[in-house]
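Remarks on the structure that follows.
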Amino acid sequence: MDEFVIRALLAGGGIALLAGPLGSFVVWRRMAYFGDTLSHSALLGVTLGFLLGVNPMIGVMVVCVSLALALVALQRRRHLAADTLLGILSHGSLSLGLVALAFLETLRVDLMAYLFGDILSVTDGDLMAIYGGGAVALTGLALLWRRLLAVTVDEDLARVEGMPVDALRLAFMLLIALVIAIAMKIVGILLITSLLIIPAAAARRFARTPEGMAALASVLGILAVIAGILASLNWDLPGGPSVVVAAAALFLLGSLVPLRR
Amino acid sequence: MSIPHPNRDTSALFAGPLAWTEDLTVRFGGRTVLDRVNIAVQPGEVVTLIGPNGAGKTTLVRAVLGLTAPSGGRVLRRPNLRVGYMPQRLSVDQTLPLTVRRFLALWRPVTADQVAAALEEAGVKRLADSAVQTISGGEMQRVLLARALLGEPDLLVLDEPDQAVDVHGQAELFNRIAQVRQRRGCGVLLVSHDLHTVMARTDRVICLNAHVCCSGRPEDVSRHPEYHALFGGHARDLAVYVHHHDHAHAEDGKVVHDHDGDCCHG
């Protein structure tokens, strides 16, 4: 097997492993659209990174976290529903990213690669970012697991039990921002959320515990990555979308399996 | 011995209430929901908050729990007070696979034995492996009681537990809570719409309508003019209804008398 294929599989597999538990939380907390909004703002972060001469991943983290905080502040006002606010921020920041990129005339950026990913051109540096960042994110998630579940079940109860609810929510947003930063290269900012929510949604029917759902979501995600990359190679299809199509197919197959309860 | 504006009751302070408020005021927008409210819950005491809809009962409970910030005045608690909170209702999203056993273990590190004991004490041992989304409102109340008990509470706080539970279920739940209070000696602060379901198991009633209208023993409050003004004609029915707790309900709901049987039931 060619080296670039192995790197693609390692990169995609690493992302899918991380996306299983984190994506389960996105599903449980009904934050799919929130994840989409954050990832759409990533292009602005890339531009910012180029402008400031820092790694685009740092730019993405900074923009994602700022956006998450802005959203929390806006929601306090309560004049507009959350989905409206998300829609404004999502499309506003994506368009701002595109406009800002156009202003940087000297910069040659492969826009399609950022929007839809370029899984077959993964570098060793990307792999290091994925496994380094992924290890940090998984460790953080494992440490916060019980308390994040408690906050997900009921914020008031968690607060009365003395849990730092706001800090936990912020930590969760940071984890999502981190995943977006490292997964951007693989599936692209327009498709990152699908890798978070589709495997988790497919796993729901078969799970009896939160951990079971998270683990199964990781396995299904890895299967989708393998199937997507192989399909992409065989038929010369775009990599990121192929992975997402494979995940969606797994979801459909899973919902057809009869369950004995 | 109803006290129109109680509190300032300094003897209570020396006896050491579990939690108390000092001129607690809460405003939402321009509306004053709680107006200089002073209440205290003593160890081992069952205090019931009653009042019409919109009287601020839930807001008062949330302020005592630290979930709503006072606009004025203070909420005070004994240092290191352990509070067990039973919310009105709790629904867990269908997307989250969660058994009752697992739900109980989310809030603090607990052993399997502790979880089993709490389920037993709340009378819902058989539900341990059920998914939390599949149990009834009344069963969820018991599970929430078990959850609160796992924290070894000094103070149990219940917000209108009767809404999700049928009449038979609520009497059963209150009996459980009375037993828990007896056994553990914890204080109880509960919110109720309905004085007579809690009357026999309450030490003190606080009648709330943004301010404290009156407070005292249940039978005194039910005769208090402010109480009548609040509850109108309905209150008169309650005043003559003194609920001697003279029977229990068997599992099938039949009344089981624990005295001679010459009582009459309205």
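The values are calculated or read from the model by the stated rules, or taken from the named source; none is laboratory data. Keep in mind the model is a prediction, meaning the values are calculated, not measured. Here the Cβ is made from the backbone with ideal geometry for all residues, glycine too, and neighbour counts use every protein chain on show.
Given (1) facing chain A (nearest Cβ under 9 Å); (2) within 17 Å of B:Ile206 (Cβ to Cβ); (3) over 17 Å from the mean Cα position of the chain (by Cα), where does B:Leu65 come up short, assuming only one miss?
B:Leu65 satisfies all of (1) facing chain A (nearest Cβ under 9 Å); (2) within 17 Å of B:Ile206 (Cβ to Cβ); (3) over 17 Å from the mean Cα position of the chain (by Cα) except (3).
So which of B:Arg36, B:Arg78, B:Arg101 ends up being surrounded by fewer than 22 Cβ atoms within 10 Å (Cβ to Cβ), more than 14 Å from the chain's Cα centre (by Cα) and at positive phi?
Numbers: B:Arg78 fails: at positive phi; B:Arg101 fails: at positive phi.
Only one candidate passes the filter, namely B:Arg36.
Considering every residue within segment B:199-218, establish whether at least one is modelled with pLDDT under 75, assigned by TED's automatic domain parsing to the domain that holds B:Thr59 and part of a helix (DSSP H, G or I). Steps first, please.
Within segment B:199-218, the first condition is being modelled with pLDDT under 75, and the residues that meet it are B:199-200.
Remaining after also requiring assigned by TED's automatic domain parsing to the domain that holds B:Thr59: B:199-200.
Next, only the ones that are part of a helix (DSSP H, G or I) stay: B:199-200.
For segment B:199-218, residues modelled with pLDDT under 75, assigned by TED's automatic domain parsing to the domain that holds B:Thr59 and part of a helix (DSSP H, G or I): present.
Which residues, taken from segment A:208-223, are surrounded by fewer than 20 Cβ atoms within 10 Å (Cβ to Cβ), closer than 20 Å to A:Arg147 by Cβ and either under 16 Å from the mean Cα position of the chain (by Cα) or of a type outside the set (Ser, Thr, Tyr) (or both)? Break it down stepwise before answering.
As a first pass, look at segment A:208-223 and keep what is surrounded by fewer than 20 Cβ atoms within 10 Å (Cβ to Cβ): A:208-209, A:211-212, A:215, A:219, A:223.
Checking which are closer than 20 Å to A:Arg147 by Cβ leaves us with A:209, A:211-212, A:215.
Hits for segment A:208-223 are A:Glu211, A:Gly212, A:Ala215.
Right, A:Pro199: within 14 Å of chain B (Cβ to nearest Cβ) and assigned to a helix (DSSP H, G or I) or not?
It is true that A:Pro199 is within 14 Å of chain B (Cβ to nearest Cβ) and assigned to a helix (DSSP H, G or I).
If A:Thr209 satisfies every condition in (1) free of Cβ contacts under 8 Å to residues at least 60 places away in the same chain; (2) more than 14 Å from chain B (Cβ to nearest Cβ) but one, which is the exception?
Status for A:Thr209: all satisfied but (2).
Within segment B:115-135, count every residue that is among the polar types (S, T, N, Q) and touching a residue at least 12 places away in the same chain (Cβ under 8 Å).
Kept after step one, since they are among the polar types (S, T, N, Q), are these residues of segment B:115-135: B:130, B:133-134.
Restricting the remaining residues to those that are touching a residue at least 12 places away in the same chain (Cβ under 8 Å) gives B:130, B:133.
Result for segment B:115-135: 2.
For residues in segment A:140-195 being away from every other protein chain (no Cβ under 13 Å) and polar (S, T, N, Q), which is nearest to A:His40 (Cα to Cα)?
A:Thr193
Consider segment B:16-51. How many of its residues are away from every other protein chain (no Cβ under 14 Å), in a strand (DSSP E or B) and in contact (Cβ under 8 Å) with a residue 60 or more places away in the chain?
12
Hey, any hits in segment B:126-141 for a residue that's under 15 Å from the mean Cα position of the chain (by Cα), surrounded by fewer than 17 Cβ atoms within 10 Å (Cβ to Cβ), more than 9 Å from every other protein chain (Cβ to nearest Cβ) and under 24 Å from B:Glu160 (Cβ atoms)?
The answer is no, given that none of the residues of segment B:126-141 is under 15 Å from the mean Cα position of the chain (by Cα), surrounded by fewer than 17 Cβ atoms within 10 Å (Cβ to Cβ), more than 9 Å from every other protein chain (Cβ to nearest Cβ) and under 24 Å from B:Glu160 (Cβ atoms).
Quick test of your reading of the structure: A:Ser232 fulfils all but one of (1) among the hydroxyl-bearing types (Ser, Thr, Tyr); (2) surrounded by fewer than 23 Cβ atoms within 10 Å (Cβ to Cβ); (3) within 30 Å of A:Leu69 (Cα to Cα). Name the failing condition by number.
All conditions pass for A:Ser232, except number (3).
If a residue must be under 17 Å from the mean Cα position of the chain (by Cα) and farther than 20 Å from A:Tyr114 by Cα, how many such residues does segment A:224-239 contain?
Counting residues in segment A:224-239 that are under 17 Å from the mean Cα position of the chain (by Cα) and farther than 20 Å from A:Tyr114 by Cα gives 1.
For B:Val83, indicate whether it is buried (at least 23 other Cβ atoms within 10 Å of the Cβ) and under 16 Å from A:Gly162 (Cβ atoms).
It is true that B:Val83 is buried (at least 23 other Cβ atoms within 10 Å of the Cβ) and under 16 Å from A:Gly162 (Cβ atoms).
So B:Ser130 ticks every box in (1) at pLDDT 85 or above; (2) in the same structural domain as B:Asn38 (by TED's automatic domain parsing) but one. Which box is left unticked?
Of (1) at pLDDT 85 or above; (2) in the same structural domain as B:Asn38 (by TED's automatic domain parsing), only one is false for B:Ser130: (2).
Go over the candidates B:Arg176, B:Arg223, B:Arg183 one by one and state the one that is in a loop (DSSP other than H, G, I, E, B), more than 19 Å from B:Ala40 (Cα to Cα) and modelled with pLDDT of 70 or more.
Only one candidate passes the filter, namely B:Arg223.
Quickly run through segment B:104-125 and pick out the residues that are more than 12 Å from every other protein chain (Cβ to nearest Cβ) and assigned to a loop (DSSP other than H, G, I, E, B).
Those that are more than 12 Å from every other protein chain (Cβ to nearest Cβ) and assigned to a loop (DSSP other than H, G, I, E, B): B:Thr111, B:Gly123, B:Val124.
Would you mention how many residues in segment B:68-103 are of a type in the set (A, V, I, L, M, F, W, C) and more than 8 Å from chain A (Cβ to nearest Cβ)? Steps first, answer last, please.
Filtering segment B:68-103 for residues of a type in the set (A, V, I, L, M, F, W, C) gives B:69, B:75-76, B:81, B:83, B:86, B:90, B:92, B:96, B:98, B:100, B:103.
Now restrict to residues that are more than 8 Å from chain A (Cβ to nearest Cβ): B:69, B:75-76, B:81, B:86, B:100.
Number of matching residues: 6.
In segment A:210-261, which residues are assigned to a loop (DSSP other than H, G, I, E, B), under 15 Å from A:Leu191 (Cβ atoms) and hydrophobic (A, V, I, L, M, F, W, C)?
A:Leu237, the sole residue that qualifies.
Only one of these is of a type outside the set (Phe, Trp, Tyr) and part of a helix (DSSP H, G or I): B:Gly73, B:Gly54, B:Gly138, B:Gly84. Name it. Please lay out each step first, then the result.
Working: B:Gly73 fails: part of a helix (DSSP H, G or I); B:Gly54 fails: part of a helix (DSSP H, G or I); B:Gly84 fails: part of a helix (DSSP H, G or I).
Every option except B:Gly138 fails the conditions.
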